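One structure is given below, encoded as structure tokens.
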């Protein structure tokens, strides 16, 4: 078995071993500096002249080269990305498409540079953009301003990454893009973060600086008071903005735009229509729900995202009753992204150097660039016009003796001899002579000569104007200012962001919850509920302001965070939280329930069940007095368990219902029954023994055959009170039709014993056989029709059993002061 040789092979003379000993510190330092340089100058920081990073500049330039004008059709974004990556950008397609998407987002750019078609994402990146194979794009009109006159030698070009293409080192930029659209980027050891501004304001400041080069910051801030964010919102902290405009660094806060609205019949809510810059609605909704679930945020009932294309952003935060919306809003500002800080860091490249710039420096760098662009453009245009004028003058010289020109050409052996003979004969340059030889004979008519003479005059005037601009710095500045003014007029729009002084008093001084202050709960005849700001009774004679069939029929004192009871015709007492009721404006001189909410919004009523009155749930009160259609009376012991939302206050007989209920204040009131056969019974409430809630009551009035009770109430015997009755006919098809009405002083009716028949309160006339309406209570009484039209009542009639007088209008509701 052969053994493998262990000898080292001889060295190859053709191979020369070269090993360099390099300190690892030096290698790391050099490599890191090279990497940092590449990131700073080729990726992360914008140029202060056109406000673009290399990737954005390459996208705009390549779209211009592809002819994707605003008046052309859209093309796939994948095609644009491919062209940029293949020709100009030495990085992956992801970075190119991300940059293109941002330039198409109206919520990221104050003046978008790409017109996108498709899903380009949403605010806060809650909904990411679609893949580039699905979206389409083209240039906007504003992008055309960025590349305007780029083919007129206005900017320098440099080789691309492989030296096969040329790309601009900057764009002409007909508007201050860096200030208008802002920028953000993280380089190595430095970063930039610049907010967008209003185009019209920035151009106004630039034009002011053109006119007054020594203008100070205060003068410029009169035109640019602060950033103008695409998403609107409110900026708080103007001192931080001034620091940024002066030194290049500063901080301010952005708040969402919120209004307090009635989002439902029972609740108020915070409606958010604008969010801070780069904050999306889903992020806000998720944060609010998380805080509510962890009990760190109180007073919020629900959060709804009603954002759509028609109305834009709309987040509705429903506030629980009993909480102050303004105080909840302040908590939202503190705990959620509805208030965000923005740190301004104006770092940009100036002549290849990263510098931190203030407002004036940014405008000066841009204006110097624009002056240079317009100067180079003017030189280019003047050179083009001079070249054209040279050709036109040569052609006009030939037209002066066209026959001789033709003869010389025909007699020449070849074109070279013809060119030489023409140059010698007419003292023409080689360029002029060649142009004459290339001109067809059809262009040598007399009409063409007139056109050429007019063109010569026009070219001379344009050359003179361009020369004047190039030779006068004042004319150059004037031209740049006028061009900026034209841009502002065409593309400028109103400010979206509101600027607020940070010294304003915070909303946190408002208590979070509604104070348990005294109030008064009101019930209208149409079943509307509301509360007033205090518990004081209304002045004598005060009634609800006339709103369509709206009259107060019951009122009880309460507290804002307390409860009241609603008594229904079936004998149920339902609890209602006072804080859930809408509060009437304090400035209202008289109670008006037009802002009230229907009772069914708070309690569930059965078919045919209606609300009779309101009552307090005070167990120290004399209790509740009830009267039924079949003549039963009951005083309820005020025993209302707090753990029950629904209570039975009387056990009714089959077919019976409550026609009247009132909470007694002193227990010394007189109870009053009025029947449809015009009988009125009055006796003291003390004659009725209080009973527990399950009891069925006792006999209240003795009814004649076929009669029923239509009204039951309690009247203070010491008050000035009246009885109002309306007589009608049982055979009338329309119950609203009536014949006569009568007002009688209450003291004309004597007290009788409980369960007796009472006394007559109105004598029927011919055609009348019943009372269609009756009411007893304090004066002054007020009546209205069903549609709310007031009805004047007749003068009081001292005869308790007298007949009524005719009324011009039908009475539907009667009430007294509450």
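List of remarks:
- Gain on full stretching of the segment that runs from residue 416 to residue 720 - 0.36 nm per residue minus C-alpha separation: 96.5 nm
- Label-to-label distance, nm, for residues given as residue 437 and residue 402 (7 Å Cα→Cβ offset): 2.1 nm
- Rg/Rh ratio calculated on Cα atoms of region 363-432 (Kirkwood radius): 1.35
- Mean separation of Cα pairs under 8 Å and 6 or more residues apart, divided by the residue count, gives the chain a relative contact order of 9 percent.
- Using the Cβ-Cβ distance between residue 583 and residue 78 with R0 set to 51 Å, the FRET efficiency works out to roughly 0.30.
- The calculated FRET efficiency for the pair residue 71 and residue 445, based on their C-beta separation and a Förster distance of 41 Å, comes to about 0.70.
- Solvent-free Debye scattering, log10 I(q)/I(0), computed from the Cα coordinates of region 257-337 at q = 0.12, 0.16, 0.22 Å⁻¹: -0.30, -0.54, -1.06
- Pairwise label distance in nanometres, residue 559 with residue 490, each label 7 Å out on the Cα-Cβ vector: 6.9 nm
- Region 257-337, relative contact order in percent, only Cα pairs under 8 angstrom and at least six apart counted: 34 percent
- Residue ranges 293-299, 664-670 sort as 664-670, 293-299 when ordered by packing (mean number of other C-beta atoms within 10 Å per residue, highest first).
- Rounded, prolate or oblate (a/c below 1.5 giving rounded, otherwise prolate when a/b exceeds b/c) for the chain by Cα gyration tensor: prolate
- For the peptides 625-635, 112-122, the ranking by packing is 625-635, 112-122, with the highest mean count of neighbouring Cβ atoms within 10 Å listed first.
- Ellipsoid equivalent to region 135-208 - semi-axes via the Cα gyration tensor, in Å: 24, 20, 14
- Burial ordering of 24, 649, fewest other beta-carbon atoms within 10 Å first: 24, 649
- Between helix 54-65 and the chain there is an angle of about 80 degrees, using the helix long axis and the longest principal axis of the Cα atoms.
- Using alpha carbons only: equivalent-ellipsoid semi-axes of region 362-491, gyration tensor based, whole Å: 42, 15, 11
- Packing-based order for 557-564, 494-501, using average beta carbon neighbours within 10 Å, highest first: 557-564, 494-501
- Working value for region 598-668: equivalent-ellipsoid semi-axes of 20, 18, 12 Å, each the square root of 5 times a Cα gyration tensor eigenvalue, largest first.
- Normalising by residue count, region 643-768 has a Cα convex hull of 149 Å³ per residue.
- The chain: antiparallel DSSP beta bridges as a percent of all, rounded to 5: 95 percent
- Estimated 222 nm signal from helices in the chain, with DSSP H stretches of n ≥ 4 weighted -39500 (n - 2.57), rounded to 500: -9000 deg cm²/dmol
- Orientation-averaged projected area, Cα convex hull of region 752-818 (nm²): 6.1 nm²
- FRET E, pair residue 499, residue 456, Förster distance 45 Å, beta-carbon r, rounded to 0.05: 0.20
- With respect to the chain, whose longest principal axis is taken over its alpha-carbon atoms, helix 24-39 is tilted by about 70°.
- Angle between the chain longest axis and helix 446-471 axis [Cα atoms, degrees, rounded to 10]: 80 degrees
- Full extension of the segment from residue 190 to residue 356, taken as 0.36 nm per residue of separation minus the current Cα-Cα distance, would add 58.7 nm.
- DSSP assigns beta bridges within region 52-172; of those with both partners inside it, close to 100 percent run antiparallel.
- Area projected by the alpha carbon convex hull of region 52-172, averaged over all directions, nm²: 7.0 nm²
- Under the simplified labelling scheme, the residue 305-residue 470 pair shows an inter-label distance of 5.9 nm, with each label point 7 Å from Cα along Cα→Cβ.
Every number in this text was worked out from the coordinates using simple rules, so none of it is lab data. As the structure is a computational prediction, the values presented were derived from the model and not from experiment. Don't worry about glycine lacking a Cβ; one is built from the backbone with ideal geometry, like all the others, and counts go over all protein chains shown.
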